Amino acid sequence: MTTPRRPRRFRRTSLVWAGSAAALGAMVAGCSTPAPIGDTTSSGPLSQTLKEGERPPAPDFSGTTLEGRTVHLSDYRGRVVVVNAWASWCGPCRIEAPELKKIQQRWRSRGVQVLGIDHDNNRADALAFQHDHHLGYPSLHDPSGRQALKLPHGLVNPQSLPFTIVVDGEGKIAAAQMGAVTETALKKAITPLLRTAGKTPAAS
């Protein structure tokens with residue numbers, strides 16, 4: 001099944017997420033998700049950034065974290081939020097986990113927050129993944145995939161994991177990626193948003 005066609009408002013404005021296809025290899029290959037979400041595989045990485053003024057509002061992802069705490073995306077208003085959908089059985093999700101951990105550790109003090117959305121049916125499997133990778137950010141438990149269905153149609157393929165969206169400080173979608181991400185690619189997407197918000201990232 002091909003990736004849904006993107007509306008014009010989501011046209012690609014830069015390739016800040018792009019990297020060497022050979023280097024990424026399996027990292028950009030999405031995992032198909034099991035029932036009830038479906039078994040459609042990603043047709044490839046979807047990399048796009050949205051200009052200020054063209055960014056749609058991000059849905060207020062909300063629910064219970066793997067530890068049982070209630071979290072809303074709006075809790076982080078004023079910060080740049082990296083929202084990452086994952087599952088413990090997803091190979092590329094395991095590969096990108098250390099990269100997301102770096103973003104949380106190195107960029108939190110600069111106004112960045114990572115928020116995961118976990119698609120595991122078994123909460124214990126997800127908690128084990130979170131523990132094994134020493135992730136320092138919360139993840140909503142969403143085995144049905146309902147959170148992704150709140151996104152604007154065509155932005156990502158909700159039937160394939162992993163995918164990531166970047167939300168600016170005003171709660172609007174600034175970038176999206178199908179497939180695994182790297183710290184380097186995320187830095188390129190995050191840095192302009194922090195400068196716009198008047199927060200100058202420290203050198204790293």
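Listed values, structure above:
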item	result
Restricting the range 172-186 to residues that are open to solvent by 10 Å² or more (accessible area, probe 1.4 Å) and either part of a loop (DSSP other than H, G, I, E, B) or touching a Lys or Arg at 6+ places or on another chain (Cβ under 7 Å) (or both), the residue that is modelled with the highest pLDDT	LYS172
Number of the exception - GLN130 against (1) closer than 15 Å to PRO59 by Cβ; (2) more than 14 Å from the chain's Cα centre (by Cα)	(1)
Matching residues, the range 45-62, being modelled with pLDDT of 95 or more, open to solvent by less than 50 Å² (accessible area, probe 1.4 Å) and either part of a strand (DSSP E or B) or over 13 Å from ILE173 (Cα atoms) (or both)	SER62
Close pairs from the range 59-74: first touching a residue at least 40 places away in the same chain (Cβ under 8 Å), partner among the acidic types (Asp, Glu), Cβ under 6 Å, at least 6 apart	LEU73/ASP60; SER74/ASP60
Cβ pairs under 6 Å, 6+ apart, first in the range 79-103 and closer than 15 Å to MET178 by Cα and modelled with pLDDT of 95 or more, second polar (S, T, N, Q) and assigned to a strand (DSSP E or B)	ASN84/THR164; LEU100/ASN84
All positions within the range 69-109 that are assigned to a helix (DSSP H, G or I) and of a type in the set (A, V, I, L, M)	LEU73, ILE95, ALA97, LEU100, ILE103
Count of the range 113-145 residues which are among the charged types (D, E, K, R) and exposed (fewer than 14 other Cβ atoms within 10 Å of the Cβ)	1
Qualifying residue in the range 150-163 (condition: without any contact (Cβ under 8 Å) to a residue 12 or more places away in the chain, surrounded by fewer than 20 Cβ atoms within 10 Å (Cβ to Cβ) and more than 14 Å from ASN84 (Cβ to Cβ))	no
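The values are calculated or read from the model by the stated rules, or taken from the named source; none is laboratory data. Only a predicted model underlies this, so the values are computations on that prediction, with no experimental measurement involved. Reconstructed Cβ throughout: ideal geometry from the backbone, glycine too, with neighbour counts over all protein chains shown. Note: areas computed on protein heavy atoms with side chains; ligands, DNA, RNA excluded. Shrake-Rupley method; radii C 1.70, N 1.55, O 1.52, S 1.80 Å.
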